[in-house]
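Right, one structure below, let's go through it.
The values are calculated or read from the model by the stated rules, or taken from the named source; none is laboratory data. Keep in mind it's a predicted model, so treat the numbers as computed, not measured. No Cβ is skipped: glycine too gets one built from the backbone with ideal geometry, and neighbour counts run over all protein chains shown.
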Amino acid sequence: MSILLKDLMIAVPFKIKKIMDINIVQKCNAHAVANITVMLEDGQNIQHIYSLNQKTNVVLKNKTNDTILFSGALMGITLSVLQGVYTAMLTVKSYTCFMDIKQKNRSFQYDKNTYQNIFQSIIQKEYQGDFIDTASNGKTQCNVMIQYHETDWAFLLRVASQFHAVVIPDVLSDKPKMYIGVPQSESHKAQYYHYQITRKTADYMLQQQYAQQKSLLDFTYLEIETEQNYNMGDSVTLQYVPFIIMEKQMQLKHSKIIFRYKMCQKEGIFTNSYNNDALKGVSIEAKVIDVKRDCLKLHLCIDETQYVSQAHWFPYNTPYASEGQTGFYSMPQIGDSVLLYSPKSCESECYVKTTVRKQKHKNSETNITEQKCFETVQNKKMMLSPTQFCFSAKKSAVDMTHQSGIAIASCDGIKIHTDSFMRLEANKIVVEGMDRVVAITPNANVVVDEIVNFKA
């Protein structure tokens with residue numbers, strides 16, 4: 001059924017005389033945009049129009065059946081005056097545009113979390129919107145996902161691309177609503193005498209480099225013009241071949257609405273998975289919340305809270321590790337500050353690069369730059385200075401210096417054991433004991449106390 005100009009009504013907070021032009025475009029993975037030009041009634045308060053903002057809801061309706069054709073937020077207005085006649089061109093966008101304003105940083109680390117839960121946490125909880133998911137089918141994210149310098153809209157598009165789905169904004173609501181995947185809509189059978197078929201072979205050839213293989217038919221597109229109003233995702237059959245609407249344009253021509261649709265087969269509506277280029281080369285500060293083997297669980301500084309049970313295991317970049325069993329192994333402790341490094345744009349490549357020393361002034365070991373020190377929380381320490389090399393464990397130590405040689409100190413006993421023989425050579429050997437000196441072999445012994453005793 002045709003929609004005539006006289007059937008149209010625009011709900012706006014000012015008085016209009018007539019509608020002069022309408023152009024509404026809907027596409028996958030993009031906000032719907034409506035450009036509507038209206039003539040204002042004589043005597044309209046222009047100052048009131050200047051006060052309109054993004055909170056102004058603009059609704060285009062069909063009066064004959066009281067159905068909404070488009071509902072969106074006023075994102076721009078241009079006033080023109082020609083020979084005393086005031087006209088206003090309104091730029092209206094679907095409410096999903098409010099998700100595409102502020103860039104955010106946060107992570108979704110729980111690899112068993114479903115994609116649908118991510119959509120719920122953003123769309124429903126933060127924007128009080130809604131969505132219909134026809135594509136994820138309960139899939140889990142399987143890896144950490146980091147939203148970095150991305151708007152919520154850009155992040156949702158990237159999340160949907162992980163399972164090759166498109167996002168289609170709803171244009172009938174006054175809240176952010178959308179379809180994740182192709183909507184399950186109506187089927188239409190009709191004969192069209194004016195249509196155009198296009199095949200993009202170059203795009204098909206470029207697609208071969210991606211893991212998701214497609215056929216040449218998936219890059220065949222049908223374009224038609226009609227007076228019938230269909231929805232995005234509707235199926236239109238032409239010559240016994242079903243096509244799915246992927247783009248829709250609504251225009252006012254000759255005092256009636258003309259619809260132009262671009263369609264393809266269902267397999268042709270997809271998105272190749274992609275990553276966030278802004279993440280490449282970025283280091284994010286974090287706190288260690290758990291340690292296992294050569295991996296760490298982190299609470300990233302971009303997150304308000306992080307449950308240990310839902311944190312991702314990130315590999316730790318040790319200074320040296322061989323393919324065998326050798327290498328350097330020294331893991332950060334729980335509570336340490338570290339840097340999570342992303343060498344590429346893919347979150348799965350992230351690893352913990354290094355630790356970050358906090359409150360340096362409280363550690364006296366950092367005051368001497370020529371000194372190298374390695375110390376554990378159990379007071380085990382190795383220290384190298386220009387004149388000294390020292391191993392210590394609480395009150396016991398092995399100290400080597402240029403001036404005094406080697407000194408061994410112990411708060412308990414000292415035991416030297418060898419399966420072969422031991423030789424001591426020096427110009428002078430002094431053995432001192434506070435009580436006695438005993439030398440024992442299986443067949444003889446020497447005891448030196450108040451007297452010297454030999455036994456063999």
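If the condition is being under 19 Å from Val92 (Cα atoms) and surrounded by fewer than 17 Cβ atoms within 10 Å (Cβ to Cβ), then region 166-190 contributes Leu172, Asp174, Lys175. Filtering region 120-131 for residues that are in a strand (DSSP E or B), within 27 Å of Asp234 (Cα to Cα) and touching a residue at least 24 places away in the same chain (Cβ under 8 Å) leaves a non-empty set.
Among the residues of region 203-222, which ones are of a type in the set (A, V, I, L, M, F, W, C) and within 15 Å of Glu267 (Cα to Cα)? Those that are of a type in the set (A, V, I, L, M, F, W, C) and within 15 Å of Glu267 (Cα to Cα): Ala211, Leu216, Leu217, Phe219, Leu222. For region 229-244, the set of residues classified as touching a residue at least 40 places away in the same chain (Cβ under 8 Å) and either among the basic types (Lys, Arg) or loosely packed, with under 15 Cβ neighbours inside 10 Å (or both) consists of Thr237, Pro242, listed by residue number.
Evaluating Lys214 against the criteria (1) more than 28 Å from Leu4 (Cα to Cα); (2) surrounded by 19 or more Cβ atoms within 10 Å (Cβ to Cβ); (3) of a type outside the set (A, V, I, L, M) leaves one unmet condition, (2). Against the conditions (1) within 29 Å of Glu225 (Cα to Cα); (2) in contact (Cβ under 8 Å) with a residue 24 or more places away in the chain, Phe14 satisfies every one except (1).
Residues checked against (1) touching a helix residue (DSSP H, G or I) at 6+ places or on another chain (Cβ under 9 Å); (2) farther than 30 Å from Thr134 by Cα; (3) modelled with pLDDT of 95 or more:
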{"site": "Ile3", "(1), (2), (3)": "no, yes, no"}
{"site": "His31", "(1), (2), (3)": "yes, no, yes"}
{"site": "His48", "(1), (2), (3)": "no, yes, no"}
{"site": "Leu79", "(1), (2), (3)": "yes, yes, no"}
{"site": "Tyr86", "(1), (2), (3)": "yes, yes, no"}
{"site": "Asn105", "(1), (2), (3)": "no, no, yes"}
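Looking at region 56-80, I want the residues that are free of Cβ contacts under 8 Å to residues at least 60 places away in the same chain and in the same structural domain as Met9 (by TED's automatic domain parsing) and have a partner that is basic (Lys, Arg) and part of a strand (DSSP E or B) with Cβ atoms under 7 Å, at least 6 apart or on another chain. Which pairs are those? Qualifying pairs under 7 Å: Thr67/Lys61; Ala73/Lys93; Met75/Lys93.
For beta carbons closer than 8 Å, sequence separation of 6+ or different chains, a first residue in region 432-455 that is assigned by TED's automatic domain parsing to the domain that holds Lys415 and a second that is among the aliphatic types (A, V, I, L, M) and in a loop (DSSP other than H, G, I, E, B), the qualifying pairs are Val437/Val431; Asn443/Ala456; Ala444/Ala456. Here the strands (runs of 3 or more DSSP E) wholly within region 163-207 that include at least 2 residues being at pLDDT 95 or above are 167-169, 177-180.
Quick check, is Phe270 crowded, with 17+ Cβ neighbours inside 10 Å and either farther than 20 Å from Phe219 by Cβ or in contact with a Leu (Cβ under 7 Å, 6 or more places away or on another chain) (or both)? So Phe270 fails the test.
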